[in-house]
Amino acid sequence: MTIEQQTGGGKPGGKRRVARVPSDRIQLLIVDQHPVLRAGVRTLLETEERVEVVAEAETVAEAVDACRENPPDVVLLDVDESSTTTVDDMRRLRREMPGGALVVLARHEDDDEVYRAVIGGAAGHVGDTANPAELADTIMEAADGNEPIRRTLAEHPNVARRVLETFAEMAGRHPSQPARVSEREIRILDLASQGMTNYQIGLSLGVSEHTVKSSISQLLARLGLRHRTEAVVFALKNGWIGPRPGAGLNGASSSSFSKPD
């Protein structure tokens, strides 16, 4: 894995130029229109050994350029009341980092903000009341291919219903293509519908977490979908997997599984 390490120079307040060096740490790109706030987020994450801020951008356009130069593992997108970031902007970022994840840092956790984050393809949504450990945990979960935003949805049931309706409508625009989906992929979707993380799915199937993450990414690309939850709704609609009584968007509890530290 390579990262882009920040260096001096470049336009003040905008995207910072970087040099490539090898690393196994999570590559993070911070997008925020306020330089002081970007610096604050960087400071909060400096103590996390697995996370390294490798680039900063002031606008989505600059972030897109940075992703094209060297796609990060995670983009942390700050959205506040003065932000002009749209759902299309989030989707544009996601297209430039097919193997990465988007985490939204929002100043407000109202239903509309959470809904926009989910529809935009965000894997995580963190409010400004979160502590540094919660922010870092969300970033690491997203980098591992999981969707911590499901916990946020559990706290916003009205948003969960809106998301289900939207994804069902979006899935209905795609023709059923069962011949293009393998038995393993259907099994992965079935376990994902139960609320399992990629690690838990891998443990159940006897494969690595990386294999599960790769399979989901390939399936999303093949079906023209953006989000694992969207893929689950698509699978339910096409009868590839069956609904479970009492299971909502967040899936059933899977507390019997735990990932070692």
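Read-outs: derived from the displayed coordinates by stated rules, not from any lab. On a predicted model such as this, the values are computed, not experimentally measured, just so you know. Note that each Cβ is placed from the backbone with ideal geometry, even for glycine, and that neighbours are counted across all protein chains shown.
Going from the residue with the fewest nearby Cβ atoms within 10 Å to the one with the most, 197, 138, 129 rank 129, 197, 138. The length gained on full extension between residue 42 and residue 214, counted as 0.36 nm times the residue separation minus their Cα-Cα distance, comes to 59.0 nm. Taking other C-beta atoms within 10 Å as the exposure proxy, 119, 188 rank 119, 188 from fewest upward. 3J(HN,Hα) along the range 41-55, derived from phi through the Karplus expression 6.51 cos²θ - 1.76 cosθ + 1.60 where θ = phi - 60°, amounts to 5, 4, 4, 4, 9, 5, 7, 8, 5, 7, 10, 9, 6, 9, 6 Hz, with x in place of Gly and Pro. In terms of other Cβ atoms within 10 Å, 30, 216, 186 run from fewest to most in the order 186, 216, 30. 3J(HN,Hα) along the range 201-208: 5, x, 5, 5, 8, x, 10, 6 Hz, from the Karplus curve 6.51 cos²θ - 1.76 cosθ + 1.60 with θ = phi - 60°, whole Hz, x for Gly and Pro.
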